[in-house]
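Remarks on the structure that follows.
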Amino acid sequence: MKAERNAAIIAARRSLESRAAEPKEICAVIVGIGKPYDAEVIRSHAALVATYLVHDDNVVRHQAIWFLGSWGHLPEYTSRIDYTANMDPDVYNRAYAAKSLGSILKHAKDASVTRSLLAFVEDEQEETEVRLSAYSGLLYAWNRADSLAFLIGDKAISDVDREFLNQLHAWTQGQGEMPHVTPPRGLFHSLFQALKTGHLIQFNRRRA
């Protein structure tokens, strides 16, 4: 099985390097490299996948964000993902990039990443989808409730926890301690979240 996996990865890399594959195939190749999760494989292919953050196809760009952020949670690519969250032509890709910054932040708390997400949330000129996703990313990073509710649009910006945001602002400015990370809620909560995630996938498909 390991030999087959290695052969598949080599073929996948060659496909990405050729720049000749169709968007649907590119997406399948990126997922094929990423799953099952292998930190060494992900890191060794990250630079190549990152070149697809500027592909013409918005779904391909989305898949690259997923690989580097939501799935790979690679802190060395935060600046690239942050740029995507600001500049991608597709608003849903920008929103997804903001949420992916939260996935990276969950594994390595970083004040600069937190400031970026806070800026999205507080920017009244920003698209609502991006603001909600950025806030969802902050909630996810600190294991707070309602992260998925904000991500799928069941909540509004007016529902944000202002006290939580103020704590984050104070921490990023060196004027307070980092907010407490809420402990995981156990198996049944995880199953419930997984079900909601399935709902989120269907929601995203309907939007596409």
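To the nearest ten degrees, helix 91-107 and the longest principal axis of the Cα atoms of the chain are 80 degrees apart.
Over all distinct alpha-carbon pairs, what is the Kirkwood Rh of the range 102-167 in angstrom? Walk me through the numbers before you get to the answer.
Numbers: mean 1/r = 0.0864 Å⁻¹.
Final number for the Kirkwood radius of the range 102-167 is 11.6 Å.
Once the piece of chain linking R43 and V91 is laid out straight, how much longer is it, given 0.36 nm per residue of separation minus the C-alpha distance between them? Before the final figure, lay out the partial values.
On the way: separation 48, 0.36 × 48 = 17.28 nm, distance 2.71 nm.
Additional length available on full extension: 14.6 nm.
Grouping the Cα pair distances of the range 39-156 into 5 Å bins from zero gives a pair-distance distribution of 2, 14, 25, 25, 19, 11, 3, 1 percent in increasing distance order.
Report the FRET efficiency, 1/(1 + (r/R0)^6), for Q175 and E76, where r is their Cβ-Cβ distance and R0 is 30 Å, rounded to 0.05. Numbers along the way, then the final one.
On the way: r = 28 Å, r/R0 = 0.93.
Taking R0 as 30 Å, the efficiency between Q175 and E76 is 0.60.
Please state the shape class of the range 24-104: rounded when a/c is under 1.5, otherwise prolate if a/b exceeds b/c and oblate if not, all from the C-alpha gyration tensor. The shape class here is oblate.
Computed from Cα positions, the angle between helix 111-122 and the longest principal axis of the chain comes to roughly 70 degrees.
Here the chain is treated with +1 on each Lys and Arg Cβ and -1 on each Asp and Glu Cβ, and its dipole about the Cα centre works out to around 720 debye.
Quick one: which of K2/K99; K2/K24; K109/K155; K24/K109 span more than 30 angstrom between C-alpha atoms? Please report the intermediate quantities before stating the final value.
Working: K2/K99 33 Å; K2/K24 26 Å; K109/K155 25 Å; K24/K109 34 Å.
Check vs 30 Å cut-off fails for K2/K99; K24/K109.
Using the Cβ-Cβ distance between A7 and T128 with R0 set to 45 Å, the FRET efficiency works out to roughly 0.50. Summing charges over all other residues whose Cβ lies under 11 Å from the Cβ of Y140, with Lys and Arg as +1 and Asp and Glu as -1, gives +2.
For the chain, what D do you get in µm² per second when you plug the Kirkwood radius from alpha-carbon pairs into Stokes-Einstein at 37 °C and 0.692 mPa s? Working shown, then result.
On the way: Rh = 17.8 Å.
Value of D from the Cα-based Kirkwood radius: 185 µm²/s.
Here, each number is a calculation from the coordinates, and none is a lab measurement. Every value quoted in this text rests on a predicted model; they were computed, and no experiment measured them. Every residue, glycine among them, receives a Cβ derived from its backbone with ideal geometry; neighbour counts consider all protein chains shown.
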